[in-house]
Amino acid sequence: MAESSGVATGVTVEHHMLADVVTRQLEAMLAVGNYDAVKMLLEPVQPVDIAEAIANLPTTLQAIAFRLLSKDEAISVYEYLGTTTQQSLLSKLRSSEVLEVVEEMSPDDRARLFEELPAKVVRQLLSELSPDERRVTSELLGFRAETAGRLMTTEFIDLKEDHLAQEALEIVRRRARDTETVYSLYVTDAERHLTGILSLRDLVTADPGTRIGDVMTADVLSVQTDTDQEKVARTIQRYDFLAVPVVDLEQRLVGIVTVDDVIDVIEQEATRDLYAAGAVQAGDEDDYFSSNLFTVARRRVVWLAVLVVASFFTSEVIAANEDVLQKVVLLAAFIPLLGGTGGNVGAQSSTVVIRGLSTQSISSLGSMKAVGREVMAGALLGILMMLLVVPFAWWRGESALVGISVGISLLAITTLAATAGAAFPLVFDRMGLDPALMSTPFITTCTDVAGTLIYLKTAEWLLTHLPQLQQAASISTQFLAASVF
C-alpha cells in the first residue's frame, strides 16, 4: 500500500467527518458538472480520505470522480478503496484506464484485488500486464492465502556488503520512488541470501567511505513465505518493526511485509473473531453492511440452525422431567435465570481465553492452570450469586425445596459453564482449529442444556429425600435438646 505523504489537509475535524463533508460537496459538484471545482476540492485531501469519500458516492458518480484524479493520485486512492468499490470501478472504466491503474498498483495490493475478482477477469488483466508485473503478481498469487508470501510486497531496497555508504545512498535515491519503504534497507549476498539489515538513519549518518558490511546488523529477524499472517503481525507488533523481511526456504530475500499491511491483518483477524464469537459465518467482513439481505441471512443462518437443533435437547430435558414440574410448578420460573447465568459465565470465560490465545498471554500461565483458574472463578461466582438468588427463591417458593434446588444448581452450573467456556477454545486450538468457533451462542446453548438437566434432577432428588432429611434433622434437634436438659 502506498505510503502517506504526511501533508496536513488543514481540516481540524476527524477523518471520517472529513470524508462525509467531502462526499456531500463532491456529490453536489458532480451533479451540476462543476468538474474544475471537484479538482480543487480534492487537491489538498489525503488519498485515504478521497477513497472513503468516493466509496460513499452513488455508484453512478464514483467513476466520474475517480477519472478527475491525476494518474499518481488515482493509483494511491484506488489502493485504499474497498474490494466492492474497486470491482465496481473496473466495470465502469475503459480498459486502458483499468490497465494503467492495475499496472501501477503495489504488487501486494494488486494480488489482494485479484483474489476477489472472477478468474476470467484475472486472466485477462494478467495477460495485459507488463512481463515484470505479470511475473511478480503470479508469484504472489502462487503463495497460500493468509501467509507472509501472499501478504508481502516485492518492492524493497537491497544492498551488498561491499557497497560504500555513498554508493548505497545513490541507490536509495534512485529506487526510492519505486519501493514500498526506504526506512529499512536489506543486505544480501550474490545469491540473494539475507545477510543483514540497515536503517536509513544508520546509512545517512555513516561515513561516505564506510562499507555497508561494517555498519549493518547481521542478526536479522525474518519470516518465511509460508508463515501465517497472524504470526507476521505479532512479530511486527512485538519488535516495533516498520517492516519485516520475508525469505524462502533457502533463506533468499523475496519480499517484505510492511506495518500498514499488518494493521489490515489485525483488523481482519479481530473482525473474524468477533463474527465467530457472535455465531456469524465468516465472509467478506468489510462488505457486510453493503451485502443484500439474502447474503446476510445466509451467513448467519448456519450457526443459528445448529443452535436451534441443540436447543431441542433443552426441550427434551424439560419434557423428560415433566413429573417434577407438575409437583412443584414454581421450579419452571427459575429455569431462564439459571440458563442465562450459566450462559453469561461461560461466555465470559470463553472470551478471556480466546483473547488470551490471540495475544499469546495465556502461554505464560499454561493451559491447565488457565482452565483451573476459570473453574475456581466460576465456583466463586456461583457462591456470590447464591447469596443473592437463594433467599428470594426460598421466600418465593414458600419452602426449602425451591431455594435449595436453585442454590445447588446455580453453583454447579456456573462452575460447569466456566470450565466449558475455558476448555473448549483450548481444545479447538490444540486441534489446530480456530478457538473463536467456540462462540458465545454455542457455549450458552450447551450450558443451558446441561444446567436445565442438573436443576431438574436436583429438584427430583430433593423431592424424594428432603422429607427424610427434614425428619432426621428434627430428631437430631430433639435429641440434642433432651441431652442439654
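Throughout, read-outs are computed from the coordinates displayed, never taken from laboratory work. Fair warning: this is a prediction, and the values are worked out from it, not measured in the lab. Glycine gets a Cβ as well: all are built from the backbone with ideal geometry, and neighbour counts include every protein chain shown.
Below is a table of values for the structure above.
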read-out: FRET efficiency for Arg192 and Ala37, using Cβ-Cβ distance with R0 set to 35 Å, rounded to 0.05; value: 0.10
read-out: Zero-based 10 Å bins, Cα pair distances in the range 158-264, whole percents; value: 15, 46, 32, 7, 0
read-out: Using alpha-carbon coordinates, inclination of helix 107-116 to the longest axis of the chain, degrees; value: 50
read-out: Positive-end residue, the range 82-218 charge dipole about Cα centroid, Cβ charges, pick of Ala168, Leu89, Leu126; value: Leu89
read-out: Burial ranking of peptide ranges 419-426, 32-39, 233-240 (average Cβ count within 10 Å, highest at the top); value: 419-426, 233-240, 32-39
read-out: Long-range HN-HN contacts of Thr195 with modeled amide H, under 5 Å; value: Val187, Thr188, Asp189
read-out: Shape of the range 129-199, Cα gyration tensor, a/c cut at 1.5; value: prolate
read-out: Dipole axis of the chain (+1 Lys, Arg; -1 Asp, Glu on Cβ), positive-most option in Trp395, Ala420, Leu99; value: Trp395
read-out: Relative contact order (%) - criterion: Cα under 8 Å, at least six apart; region: the range 158-264; value: 26
read-out: Förster-model FRET efficiency, 41 Å R0, Arg135 and Thr359, C-beta, rounded to 0.05; value: 0.60
read-out: Under 5 Å, built H, 5+ apart or other chain: amide partners of Phe156; value: Glu180
read-out: Paramagnetic reach from Ala145 (point 7 Å along Cα→Cβ, amide N under 11 Å) across the range 97-138; value: 115-117
read-out: For Val449, net neighbour charge (Lys/Arg +1, Asp/Glu -1) across residues whose Cβ lies under 15 Å away; value: -1
read-out: The chain: relative contact order in percent, alpha carbon pairs under 8 Å with at least 6 residues between; value: 11
read-out: Cβ-Cβ FRET estimate between Thr271 and Arg175, R0 fixed at 30 Å, reported to 0.05; value: 0.25
read-out: Candidate values (1) 28.1, 103; (2) 37.8, 173; (3) 31.6, 108, label of the one derived for Rg and Dmax of the Cα atoms in Å; value: (3)
read-out: Karplus (6.51, -1.76, 1.60) ³J(HN,Hα), θ = phi - 60°, over the range 176-188, in Hz, Gly and Pro reported as x; value: 4, 5, 9, 10, 5, 8, 10, 7, 10, 10, 10, 10, 10
read-out: Packing rank of 71-79, 85-93, where each peptide gets the mean count of other beta carbons within 10 Å, highest leading; value: 71-79, 85-93
read-out: Global form of the range 15-142, assessed from the alpha-carbon gyration tensor, a/c cut-off 1.5; value: prolate
read-out: Around Val102: net Lys/Arg minus Asp/Glu count, Cβ-Cβ under 9 Å; value: -4
